[in-house]
1. Would you please give the FRET efficiency between residue 89 and residue 16, computed as 1/(1 + (r/R0)^6) with r the Cβ-Cβ distance and R0 = 41 Å, to the nearest 0.05?
2. As an exercise, take the mean of 1/r over every pair of distinct alpha carbons in the range 37-142, invert it, and state the Kirkwood radius in angstroms.
3. Sort 125, 106 so the one with the fewest other Cβ atoms within 10 Å of its own Cβ comes first.
4. Relative contact order of the range 81-182: what whole-number percent is it, with Cα pairs under 8 angstrom and at least 6 residues apart?
5. Which cross-chain or sequence-distant (5 or more) residues have an amide H under 5 Å from the amide H of residue 77, H modelled 1.01 Å from N in plane?
6. Label points 7 Å out from Cα along the Cβ direction at residue 97 and residue 173: separation in nm?
7. Out of residues 5 or more away from residue 120 or on other chains, whose amide H comes under 5 Å of its own, with H placed 1.01 Å from N in the peptide plane?
8. Output ³J(HN,Hα) for the range 87-95: one whole-Hz value per residue in order, computed from phi by the Karplus curve 6.51 cos²θ - 1.76 cosθ + 1.60 with θ = phi - 60°, and x for Gly and Pro.
Amino acid sequence: MKINVTNINDWSWRSFVLVMFLLLLPPAVESHEGPPFPIIIDQEVGPYLVSVWTDPDIGIGTFFVVFDPRKSATQSMDINSVQIGVAPTSGRLSEKLYDAERQVTRSVRYNTEVEFDKGEMWKVRVVIKGTGWEGELHSEVEATPDGNIGPIAVLVYAIPFIGIGILWFRAIMVRRRKEDEE
C-alpha cells in the first residue's frame with residue numbers, strides 16, 4: 001500500500017506551523033509570586049507583639065501586620081488605625097502613607113498594598129494607633145521584580161524546545177521518505 005506523501009507532508013507542515021504558532025504566543029497567565037517574608041518580628045507595640053510581613057514587588061507590593069496580644073497586657077486591646085509609610089532610602093521621593101485594612105482571620109491582621117516604582121531599597125514605617133496607646137516600627141526592604149519574565153524571555157527560554165521539535169519533525173519526515181522508497 002502506497003501512501004500519498006504530498007498529503008502527509010501538507011498535513012504535517014500545517015500541524016507543525018499551528019503548533020509553533022501556539023507555542024510562540026505570549027502566555028496569558030500570571031506568574032507565580034513568592035510568599036511574603038518577615039521584616040519585623042515580635043516587636044512590642046502597646047499591648048501587642050507585632051510582626052510585619054511583606055512581598056515587595058515592583059509595581060504593587062503587599063504588607064501584612066500581625067498582632068499577637070502580650071500575656072502581660074493590661075491596656076485596652078482596641079486598634080484604631082494601622083498605616084504603612086514607604087519612601088526610597090535615596091530620598092528621591094517623600095514618604096507616602098497607606099491605610100491598612102483589617103482582615104478577618106483567627107489572629108488580628110491588617111494588610112495593604114503599596115506602590116514601588118523602582119527596584120531599590122525602601123524605608124518602611126509602620127504607624128499603629130490604639131485606644132490609649134500608639135507606636136511606630138521601622139525597617140527597610142528591597143523592592144524586587146514580580147517574577148513576570150515577559151514574552152521575549154519566554155521565547156528565549158523556549159528556543160531549546162523549539163529546536164528539539166524541529167529535529168523531531170525532520171526525523172519523522174526522513175523516516176517517512178525512506179519508508180516510501182522501500
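1. Values: r = 53 Å, r/R0 = 1.29.
Working from the Cβ atoms, E equals 0.20.
2. Numbers: mean 1/r = 0.0714 Å⁻¹.
Here the Kirkwood hydrodynamic radius works out to 14.0 Å.
3. On the way: 125 15, 106 5.
Least to most surrounded, the residues fall as 106, 125.
4. Numbers: 121 pairs, mean separation 21.7, N = 102.
21 percent.
5. none
6. Taking the two extended label points, one gets 6.8 nm.
7. 143
8. Working through the residues one at a time gives 7, x, 5, 5, x, 5, 10, 7, 5 Hz.
Values quoted throughout were computed directly from the atomic coordinates according to the rules given, and no laboratory measurement underlies them. Given the structure is predicted, the values throughout are model-derived calculations rather than measurements. Neighbour counts are summed over all protein chains in view; Cβ atoms, including those assigned to glycine, are modelled from backbone coordinates with ideal geometry.
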